[in-house]
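> Provided herewith is a single structure, encoded as structure tokens, for subsequent inquiry.
The values are calculated or read from the model by the stated rules, or taken from the named source; none is laboratory data. Computed from a prediction, not measured in an experiment: that's the story for all the values here. When we count neighbours, we look across all protein chains shown, and the Cβ atoms used for this are built from the backbone with ideal geometry, even at glycine. Surface accessibility is based on the protein's heavy atoms, side chains included, excluding ligands, DNA and RNA. Shrake-Rupley method; radii C 1.70, N 1.55, O 1.52, S 1.80 Å.
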Amino acid sequence: MSGVPAGALRLAIDREALAANWRALDALSGGVPGAPRAAAAVKADGYGLGAAVVAPVLLAAGCARLFVAHCGEAAGLLDHVPAGAVAVLHGPRDPAEAAWLQAVGVRPVINSALQARHWLEAGGGVCDLMVDTGMNRLGLPLGALGVAAGLEVDVLHTHLACADEDSPLNEVQRLRWEDARRAVTHRRAAIANSAGIALGAPYRGDMTRPGLALYGGVPAAGLAGVVRQVVRPQAAILQVRTIAAGETVGYNATFVAPRQMRVGTVALGYADGYLRCWSGRGAMRAGEARLPVLGRVSMDMTVIDLSGAEKLGEGDWVEVDYDLPAAAGESGLSQYELLTLLGRRFAR
Ligand SMILES: *Cc1c(COP(=O)(O)O)cnc(C)c1O
């Protein structure tokens, strides 16, 4: 009603591809319609896509469980999905968080003896349990599994350090997870993230926890033909000019025009997650035309070569080259960073 204009940045999110990616990963996890095996990691605002956008699409596709990291992220989701579908990976860090999880019906993942105590003192009930099998980051150590005796564990989780590599640590962790499954009473068990799903049947367990691959990332060669691109960042051209040979573009004058050129200034910069690593090396597209980045990326703007697209003008939209595996290779950033960097100024 307030008539706020639409803005010059938008993230095109292919909801059909997102749902298809979840269904493909669920099938690889051994899931069948009505009995899903793949959950979904929607932490970090759905890997930058917007948790409120992706969560309902995933649930509609058949997913039954969504993982966030913080309680605050879970709170933000409750307007969009049922509380019973949400679980908090960081667990109840203090009595206030345990009480909140109880009150709203969001599932905690217990990671330590202290978290177990917070949960039990808040009333207890069904929870998940994360066991650390060798990553040494988050989760109950194998020597402390006795803590689990007082808990009502649904999913017994562990997390792989090297799922995207052919590392002997994968099998070490899987065997320790099997040991933990024998030691702790639980209903279901989970070990695989996206790359873990590609490790095959021994890593399926009863549930998998893909994140990256849902959103178009390809962390393992085995997923290359399976995962579809989901995110397409798009930006509007703010201004167009023709510059003479020898003129420079942008901060520090790092680009010098070799000839007369038509260039466009796009409303996208490093504050939006289009980092300075793309200076002089990234590209945007308009249809078939490739429009290379000229000079430095600024905070709110990037200049591109419009030589290949004579018809493009002020107000037109271009799309950032953002195929995740290729963009990661090109930029030196990880596919995870490329997604989670995407800033608040994009309309989602
Ligand atoms: C983030 C996360 C995932 C998802 O990992 P991807 O590599 O993005 O598939 C799975 N499990 C845990 C515990 C996580 O923290």
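> In Å, what Kirkwood hydrodynamic radius results for region 232-322 from the alpha-carbon pair distances?
Evaluated on region 232-322, it is 12.7 Å.
> Using only the Cα atoms of region 172-249, construct the convex hull and provide its projected area averaged over every direction, in square nanometres to one decimal.
Mean projected area for region 172-249: 10.2 nm², to one decimal.
> Give the carbon-plus-sulfur fraction of the accessible surface of region 13-223 in %, rounded to a whole number; probe 1.4 Å, heavy atoms of protein chains only.
Percent of accessible area from carbon and sulfur atoms in region 13-223: 54.
> If you average 1/r across every pair of different Cα atoms in region 79-119 and take the reciprocal, what Kirkwood value do you get, in Å?
10.2 Å
> Also: In whole Å, what is the distance between the alpha-carbon centres of region 225-272 and region 287-312?
3 Å
> At 1.306 mPa s and 10 °C, plugging the Kirkwood radius over alpha-carbon pairs of region 1-128 into Stokes-Einstein gives what diffusion coefficient in µm²/s?
Rounded, D is 101 µm²/s.
> Sort ARG93, ARG281 from largest to smallest accessible area, using a 1.4 Å probe on the heavy atoms of the protein chains.
Ranked list, largest accessible area first: ARG93, ARG281.
> Hey, with R₀ at 22 Å, roughly what FRET efficiency would ALA99 and CYS162 work out to, going by the Cβ-Cβ distance, to 0.05?
0.05
> To continue, here is another question. Quick check for you: with a 1.4 Å probe and neighbouring chains kept, what is the accessible area per residue of the chain, in Å²?
I get 43 Å² per residue for this part.
> Restricting to Cα atoms and excluding each atom paired with itself, what does the Kirkwood estimate give for region 284-348 in Å?
13.3 Å
> Something else about it: Take the Cα gyration tensor of region 147-304, multiply each eigenvalue by 5, square-root it, and list the three semi-axes largest first, rounded to whole angstrom.
50, 15, 14
> Follow-up. Considering only protein heavy atoms and a 1.4 Å probe, what is the carbon-and-sulfur percentage of the accessible area of region 232-322?
47 percent
> Shifting gears a bit: Calculated from DSSP H runs of 4 or more alone, at -39500 (n - 2.57) each and per residue, what is the 222 nm mean residue ellipticity of the chain, nearest 500?
Value at 222 nm, helices only, nearest 500: -7500 deg cm²/dmol.
> Which of the three applies to region 167-212, rounded, prolate or oblate, going by the alpha-carbon gyration tensor with a ≥ b ≥ c and a/c under 1.5 meaning rounded?
oblate
> Now a separate question. Heavy atoms only, probe 1.4 angstrom, no DNA, RNA or ligands counted: give me LYS311, LYS43 ranked by accessible area, highest first.
From most exposed to least exposed: LYS311, LYS43.
> While we're looking at this one, here's another question. Show me the three semi-axes of the equivalent ellipsoid for region 123-232, from the C-alpha gyration tensor (sqrt of 5 times each eigenvalue), largest first, rounded to whole Å.
In descending order the semi-axes read 27, 16, 11 Å.
> Taking a cut-off of 11 Å, what percent of all Cα-Cα pairs in region 141-188 are separated by more than that?
Here the tail beyond 11 Å accounts for 70 percent of pairs.
> Same structure again: In terms of modelled amide H atoms, which long-range or inter-chain residues lie less than 5 Å from the amide H of GLY125?
Residues meeting the amide H criterion: GLU152.
> If you take the beta carbon distance between ALA149 and ALA60 as r and set R0 to 45 Å, what does 1/(1 + (r/R0)^6) give as a FRET efficiency, to the nearest 0.05?
Efficiency at R0 = 45 Å is approximately 0.70.
> Scattering from the C-alpha atoms of the chain alone, worked out with Debye: what is log10 I(q)/I(0) at q = 0.11, 0.13, 0.15 1/Å?
Debye output, listed in q order: -0.77, -0.98, -1.17.
> Work out, in µm²/s and without decimals, the Stokes-Einstein translational diffusion coefficient of region 109-152 at 25 °C, 0.890 mPa s, Rh from Kirkwood over C-alpha pairs.
Estimated via Stokes-Einstein, D reaches 235 µm²/s.
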